[in-house]
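The values are calculated or read from the model by the stated rules, or taken from the named source; none is laboratory data. Since the structure is predicted, the reported quantities are computational estimates derived from the model, not experimental observations. Positions of Cβ are backbone-derived with ideal geometry, glycine not excepted, and every protein chain shown enters the neighbour counts.
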Amino acid sequence: MNDDDFVFPAVRGHGLPHLISKGVDPKYYLAEHCGKSTGSCGGVSTYHNIDTEHGFFGLAGTLGTGFPISVGYGMTSKWNGKQQVVVSCFGDGTSNRGTLHESFLMAANWKLPIVWVCENNQLSMYVPVKDHHPVENIADLAFGYGMPGEVVDGQDVVAVAKAVDKAVARARAGEGPSLIECKTERFVTHSIGLPDRIDLEDRTKDDYVELKKRDPVVLFQEKLLKEGVLTQKEMERIDQEIAVEIDAAEAFADAGSPPDPSVLDDYLYAK
Amino acid sequence: MREIQYHKAINEAFIEEMERDETVYLMGESLRGANYPHSEGLAKRFGDQRVLDTPICEAAFCGAAVASAMTGYRPIVDLMFIDFMYTAADEILLKAPQWRFMHGGKVNVPVVFMGAAGGGMKLANEHSQIPSSIILHSPGIKLAVPSTPYDAKGLMKTAIRDNNPVMYFWHKQLMAVTGEVPEEDYTIPFGVADVKREGTDVTVVAYSYMVQLALEVAKKLEGEISVEVVDPRTLEPFDLDAVLKSVEKTNRLVIVDEDTERCSFASELAAQVVDKGFTLLDEPIKRVCAGNYPIPGGYMEQHVLPSVEKIEAAIRSVAV
């Protein structure tokens, strides 16, 4: 993807992985979460995030917002001659929304350059995917709209990258939207402070041990080692660099001040 | 009398009404696993035919509830955060309230919509609203806004038994508040205000969590300004007589409404009091509402939402 390609992040995580994947410094994300004026939205939102230089024009807390917003990004991409594409991410829960169908329809009708990416972690808060979606693959929704629909192993970083590359190339070539479903897992609860349940049963420590065996980061590290792309030492250095970056982001967030109330008027209407 | 928490009071109302009437059922997202404690234990007790986890498709399940209600059932639809009602605005604001009227009164729509309302948790615009004015602007749907565990239970039971659509806002800040709730069956009639505290100098009309803030201020001003706190408990139907009766005594009115000020319930009540009780007033009516901004998150929330300081200032400004 290019810097100016549009991304709508999946809501859970508030876009952090999507921002990082496009090279955005996470310190603005963290400062926003802490409500500081140095945050990406000036600290007024605490969970919306924006970085227009990198194709992020915002996030929202009402599930399913991303579908129609992405259609709009797609229209801009198609009209402005910049060859941009849109990657629009959502969870299995959000796939329930009617806005998905309306947006899939418009994007397919108008051959908009959109890659729809479903991050299916198989749990919608406490509801397992089998109880909220009637067939095995959410990707099958693509076929009704004449789009390619592909299921990939979401724990396999390379498989995901390959599938997205193919769909991005297709979108950029003007051939229209695609849907990719990444089958993944939820390693933590829906929201910190809430129980981690599937229907009525709490997940156990053993469940997590089992899930963690297929942690995509660990699997990718093993692959890189095995194929000789990186050595153990190089990987440790990367871990250290990450730790330094996280410390710096925390320091940046701590150092910021809460916004001045006068910004309320500045932010409400454009001059 | 025993004391229980606000969420437990709602939970008891569900259990009693579901046991009393087998057409009552609950529908929403992650209710079985209990997204909020008010649905705790219901799935085990009543089974999955009467506690339904829906996909995240508000338009579909709110619309379905309208039809289910007019064909023999009494659905309680839990929208989780009430802000999510916007995703089913057609069903909640145009279909549920208007169906009966537009079909010559030939069918009833006994559905309860409910959701967590209000701010104070720094959750920002899409998880902090108390959109009373939008409901009030849609004739045909009632609006219950309980401020205590007692009211929460009694109003929920009345809402379930009502033959009309009812919107029920429960407030996140009240969830863990405890209060006296009788063990025996009781209901609270809609449109009957409750004077939560008697006073002689200034009338404060407040609803939902704002009642608690108003009471806090009233207590603080004790001995200096005597504040009467009137809680309408339902905003539609609305007990205007109770407000006029109180203003007749105090000649001063402050209205506290957590919803956005412009075109709010507070604005509507101010207009009604001017219309029906102009001569009772010695001072201008003061409104304490959320400012005319989206509700920000984090530190900024306090600058937009009503607070005890803002309520106290408004009371002092009229208590000359």
Margin query: B:TYR168 - would you say it is touching a residue at least 24 places away in the same chain (Cβ under 8 Å), buried (at least 20 other Cβ atoms within 10 Å of the Cβ), out of contact with any Leu (no Cβ under 6 Å at 6 or more places or on another chain) and among the hydroxyl-bearing types (Ser, Thr, Tyr)?
Written below: yes
Notebook entry, point to check: Residue check: is B:ILE135 hydrophobic (A, V, I, L, M, F, W, C), part of a loop (DSSP other than H, G, I, E, B) and closer than 29 Å to B:VAL181 by Cα?
Noted result: no
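A quick yes/no check of all residues on (1) at pLDDT 95 or above; (2) in a loop (DSSP other than H, G, I, E, B); (3) more than 16 Å from B:THR158 (Cα to Cα):
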position	(1), (2), (3)
B:GLU12	yes, no, no
B:TYR25	yes, no, no
B:ILE56	yes, yes, yes
B:ALA59	yes, no, yes
B:ALA69	yes, no, no
B:MET85	yes, no, yes
B:ALA88	yes, no, yes
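In a helix (DSSP H, G or I) and either in contact with a Ser or Thr (Cβ under 6 Å, 6 or more places away or on another chain) or within 25 Å of B:HIS127 (Cβ to Cβ) (or both) - does that describe any residue in the stretch B:272-287? So that I can check it myself, show each step before the final result.
Of the residues in the stretch B:272-287, the ones in a helix (DSSP H, G or I) are B:272-280.
Now restrict to residues that are either in contact with a Ser or Thr (Cβ under 6 Å, 6 or more places away or on another chain) or within 25 Å of B:HIS127 (Cβ to Cβ) (or both): none.
For the stretch B:272-287, residues in a helix (DSSP H, G or I) and either in contact with a Ser or Thr (Cβ under 6 Å, 6 or more places away or on another chain) or within 25 Å of B:HIS127 (Cβ to Cβ) (or both): absent.
Could you identify the single residue in A:ALA249, A:ALA270, A:ALA255 that is under 30 Å from B:MET300 (Cα atoms), hydrophobic (A, V, I, L, M, F, W, C) and surrounded by 16 or more Cβ atoms within 10 Å (Cβ to Cβ)? Give the derivation first.
Numbers: A:ALA270 fails: surrounded by 16 or more Cβ atoms within 10 Å (Cβ to Cβ); A:ALA255 fails: surrounded by 16 or more Cβ atoms within 10 Å (Cβ to Cβ).
Within the list A:ALA249, A:ALA270, A:ALA255, the selection yields A:ALA249.
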Note to self: Let me confirm something: among B:ILE82, B:ILE130, B:ILE76, which residue is buried (at least 24 other Cβ atoms within 10 Å of the Cβ), among the β-branched types (Val, Ile, Thr) and within 13 Å of another protein chain (Cβ to nearest Cβ)?
What the structure shows: B:ILE82
Notebook entry, point to check: Taking the stretch B:256-299, which residues are in contact with a Leu (Cβ under 6 Å, 6 or more places away or on another chain), of a type in the set (Phe, Trp, Tyr) and within 12 Å of chain A (Cβ to nearest Cβ)?
Noted result: B:TYR293
Check: Only one of these conditions is not met by A:CYS182: (1) over 16 Å from A:VAL160 (Cα atoms); (2) surrounded by 11 or more Cβ atoms within 10 Å (Cβ to Cβ). Which number is it?
Finding: (1)
Item checked: Residue identified as buried (at least 22 other Cβ atoms within 10 Å of the Cβ) and not β-branched (Val, Ile, Thr) among A:GLY72, A:GLY35 -> A:GLY35
Next item on the list: Go through the stretch A:218-271 residue by residue and tally those that are more than 14 Å from chain B (Cβ to nearest Cβ), touching a residue at least 40 places away in the same chain (Cβ under 8 Å) and within 24 Å of the chain's Cα centre (by Cα).
Entry: 9
Check: So, in the stretch A:55-94, of the ones that are within 14 Å of another protein chain (Cβ to nearest Cβ) and of a type in the set (Ser, Thr, Tyr), which residue ends up farthest from A:VAL127 (Cα to Cα)?
Finding: A:THR65
